[in-house]
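The values are calculated or read from the model by the stated rules, or taken from the named source; none is laboratory data. Computed from a prediction, not measured in an experiment: that's the story for all the values here. Positions of Cβ are backbone-derived with ideal geometry, glycine not excepted, and every protein chain shown enters the neighbour counts. Keep in mind that these areas ignore ligands, DNA and RNA; they rest on the heavy atoms of the full protein, side chains included. Shrake-Rupley method; radii C 1.70, N 1.55, O 1.52, S 1.80 Å.
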Amino acid sequence: DTAVSQTPKYLVTQMGNDKSIKCEQNLGHDTMYWYKQDSKKFLKIMFSYNNKELIINETVPNRFSPKSPDKAHLNLHINSLELGDSAVYFCASSPTGTSGSETQYFGPGTRLLVL
Amino acid sequence: LAKTTQPISMDSYEGQEVNITCSHNNIATNDYITWYQQFPSQGPRFIIQGYKTKVTNEVASLFIPADRKSSTLSLPRVSLSDTAVYYCLVGGSEVKLIFGTGTRLQVFP
């Protein structure tokens, strides 16, 4: 009964392909997030959704498109993958998403390698 | 958002107490101080949070001086399993979490 789960765990693909990463949380939280962690271990927020509504949309290429079918799921679709997209992508959730002091619960990460 | 500064890395031996200090000179009145721990190949995990003075839980203690411009995470009697990256975050009214470089703690036997 993993709280925040992501699939797949590993993703190896060629440049130019389109891929999706799925995230699900069973904590009953209202807000979900996507983060990117690069090779230098910097962790940066990309998007956040509150009850299926986009709340945070950082400066991310349009090739990245989040989709939230319901508040328990937040998927990340990436078009035309580039070498620089190689990173670990983390999904997270928090109860309300109304404060930066609220604890966020992270998934195990999806390791994306673009060749 | 307040920016944080932490040492890039620290080494320790099993059984020792480890103190990791974080500077956050521009902390705002509404901001809390939160520490996350990240093991290799895992997502960050909440450790402890505080606003002022001292907070203690089963894992760690957090010391915050009166001016709140810094904080110290204290890990008592570390073990090999405490080897991880520790992130200090400052936030309050804004939703965004800003992770800095973190402190890579290596515990040796």
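Data table
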item	result
Viscosity 1.002 mPa s, 20 °C: Kirkwood-radius Stokes-Einstein D of the range A:4-114 over Cα pairs, µm²/s	155 µm²/s
Accessible area buried, both sides summed, chains B and A with 1.4 Å probe, Å²	1700 Å²
Restraint check, B:Lys52/B:Lys96; A:Lys22/A:Lys71; A:Lys41/B:Lys52; A:Lys9/A:Lys36; A:Lys52/B:Lys96, Cα-Cα greater than 19 Å	B:Lys52/B:Lys96; A:Lys41/B:Lys52
Mean separation of Cα contacts under 8 Å, 6 or more apart, over the residue count of the range A:4-114: relative contact order %	37 percent
Among beta bridges that DSSP assigns inside chain B, antiparallel share in %, nearest 5	85 percent
With every protein chain in place, the range A:38-115: carbon and sulfur % of accessible area (1.4 Å)	54 percent
Under 11 Å, Cβ to Cβ, from B:His24 - net charge with Lys/Arg +1 and Asp/Glu -1	+1
Within chain B: Cβ-based charge dipole about Cα centre, in debye rounded to nearest 20 (Lys, Arg +1; Asp, Glu -1)	260 debye
Heavy-atom surface of the range A:4-114, accessible at 1.4 Å and reported per residue (Å²)	46 Å²
Percent carbon-and-sulfur accessible area, chain B, ignoring ligands, DNA and RNA, probe 1.4 Å	50 percent
Within-11-Å neighbourhood charge of A:Phe90 [Cβ basis; K, R +1; D, E -1]	+3
Candidate aspartates and glutamates for bridging to B:Lys54, where Cα separation is under 19 Å - those fewer than 8 sequence places away on the same chain excluded	A:Glu102, B:Glu17, B:Asp31, B:Asp67
Computed magnitude of the charge dipole of chain A (debye, nearest 20; Cβ of K, R +1, Cβ of D, E -1)	280 debye
Per-selection Rg to Rh, chain B - Cα, Kirkwood hydrodynamic radius	0.95
